[in-house]
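*Asks:* Attaching a single structure in structure tokens format; questions to follow.
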Amino acid sequence: MSVTHPIRITGIETRVVNAQMRNWLFVKVLTDQDGLWGWGEASLNWKTRAVVGAIEDLSPLVVGRDPRDIEQIVRVLNKHSYYRLGIIGATAISGIEHALWDIFGKSVGLPVWRLIGGQVRDKVRLYTHLGLGDMKSVYETFDEGALRELALRVVAKGYDAMKVVFIPYTHYTADLPSRRHVGRMMRVLRETVGDAVDIMIDFHGRPASISAALQFIDEVSPYAPMFCEEPVQPGDTEAMRMVTERAGCPIASGERLVGFKEFEPLFQAKALHIVQPDLNHTGGILEGKRIAAAAEQALMGVAPHNPNGPIAGAAALHFAVSTPNFVIQEEMSGAVPWYDDVVRTPMRRSGSFWEVPTAPGLGVDINETEAAKHPFEQEVIHTSNAVLPDGTVVDW
């Protein structure tokens, strides 16, 4: 399909699909052209209904506009909302923005990566999670035997990079037994997968102090992690800089930051080695490109965060194909047995790489009949585990 005359947005719809570990929130932007619509994703764990409501509130601002005027529409969504939107509003805008790019690509018969800078690589390197998407395995594997077994399953699937989350729930100090246990876990993991597999350690912002973060980093650094992620809570640039300067391995963060403005202090302070914008939350693909360009000037790589659904994965793929300082992509394809029944995606994996897609737009289509078979369900609230033995509530 190639459209040269004006196109108008006629409405925005949402589809919620429960994928066991989380709810996917798909965004469908409709137009006045027969057969021309766009799909985006606005999944946000434990806030699905809030984001659906935000999309409904934002929709009147864009109906009647040409969906190809992406910069202008995103500007309207941000400025005419009046109150600052935060993560819920930014996620809603991200899902709408993905769908606009999908429409634009379809209207000119080109994949989105052609429209956002063109091809800079021949394939996109990937990593997945320990447990291949099972949330219990991802966040609750603290046993060495289970760690070994799950890691071997990931390698057997063809991946040469994986992320693990075995930093314990922590307060302001890291006791010696906990530190030693983290060191043993990392040693077992490295011995299991060998030197050819990259390992990323997600701290999940659990340490409540710089000293506790550094003590855990000291335990894992001898085993050469690709990076340690979010060693302290986001938002404190000076704390992140202090950790990064003292760490014996690369440091990454950024999944919980919204928009370029929240990343900018990190660039100015050289407070990270790798930034992790989530295109599903930070304002969309265009905002992600701005963040990546600034990161490149600050000598930082980009490893986008994405434990979300298939349309978020497609957006990340097109971003990665066209972004020079891209490093590696988090992905969750095949997270549920019926994944391919609900969605057709452009992601074609060969080992630990995605191929470059050629279909117009994002290359995604949703089987809405199949999607309807998996309606919203309350996700498991994993944060309830983040309580110390004395009852102190800590960061998940």
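The values are calculated or read from the model by the stated rules, or taken from the named source; none is laboratory data. Quantities reported herein were computed from a predicted structural model and do not represent experimental measurements. Because the Cβ atoms are built from the backbone with ideal geometry, glycine has one as well, and the counts that use them run over all protein chains shown.
*Asks:* Spot the failing condition for Thr369; the list is (1) part of a loop (DSSP other than H, G, I, E, B); (2) modelled with pLDDT of 95 or more, and only one is missed.
*Replies:* (1)
*Asks:* Could you tell me whether region 118-126 includes any residue that is basic (Lys, Arg), in the same structural domain as Ala19 (by TED's automatic domain parsing) and touching a helix residue (DSSP H, G or I) at 6+ places or on another chain (Cβ under 8 Å)? Full working, then the answer.
*Replies:* To start, the set of residues in region 118-126 that are basic (Lys, Arg) comprises 121, 123, 125.
Still in the running and in the same structural domain as Ala19 (by TED's automatic domain parsing): none.
No: region 118-126 contains no residue that is basic (Lys, Arg), in the same structural domain as Ala19 (by TED's automatic domain parsing) and touching a helix residue (DSSP H, G or I) at 6+ places or on another chain (Cβ under 8 Å).
*Asks:* Cβ-Cβ below 8 Å, separation at least six or inter-chain, first residue in region 60-84 and free of Cβ contacts under 8 Å to residues at least 12 places away in the same chain, second in a loop (DSSP other than H, G, I, E, B) and surrounded by 11 or more Cβ atoms within 10 Å (Cβ to Cβ): which pairs?
*Replies:* Close Cβ pairs satisfying both conditions: Gln72/Arg65.
*Asks:* Now a separate question. Report the residue count in region 261-295 for those that are part of a helix (DSSP H, G or I) and either touching a Phe, Trp or Tyr at 6+ places or on another chain (Cβ under 8 Å) or surrounded by fewer than 24 Cβ atoms within 10 Å (Cβ to Cβ) (or both).
*Replies:* As a first pass, look at region 261-295 and keep what is part of a helix (DSSP H, G or I): 261-268, 285-295.
Checking the rest, the ones that are also either touching a Phe, Trp or Tyr at 6+ places or on another chain (Cβ under 8 Å) or surrounded by fewer than 24 Cβ atoms within 10 Å (Cβ to Cβ) (or both) come to 261-262, 264-265, 267-268, 285-295.
The total comes to 17.
*Asks:* Can I ask one more? Could you check region 264-312 and list, in sequence order, the residues that are at pLDDT below 95 and small (Gly, Ala, Ser)?
*Replies:* Listed by number, the list holds a single entry, Gly309.
*Asks:* Please identify the pairs in which a residue from region 383-396 that is within 12 Å of Thr170 (Cβ to Cβ) and outside the structural domain of Trp46 (by TED's automatic domain parsing) has its Cβ atom under 6 Å from the Cβ atom of a residue that is surrounded by 12 or more Cβ atoms within 10 Å (Cβ to Cβ) and basic (Lys, Arg), counting only partners at least 6 apart or on another chain.
*Replies:* These pairs meet every condition: Asp395/Arg206.
*Asks:* Among what's in region 165-202 and is in contact with a strand residue (DSSP E or B) (Cβ under 6 Å, 6 or more places away or on another chain) and closer than 25 Å to Ala239 by Cβ, pick the residue that is modelled with the lowest pLDDT.
*Replies:* Here the answer is Val165.
*Asks:* Check region 113-131 and report whether any residue there is without any contact (Cβ under 8 Å) to a residue 24 or more places away in the chain and closer than 23 Å to Glu379 by Cα.
*Replies:* yes
*Asks:* Related question: Any chance region 22-32 includes a residue that's in contact with a strand residue (DSSP E or B) (Cβ under 8 Å, 6 or more places away or on another chain) and exposed (fewer than 13 other Cβ atoms within 10 Å of the Cβ)?
*Replies:* Yes; the residues of region 22-32 include at least one that is in contact with a strand residue (DSSP E or B) (Cβ under 8 Å, 6 or more places away or on another chain) and exposed (fewer than 13 other Cβ atoms within 10 Å of the Cβ).
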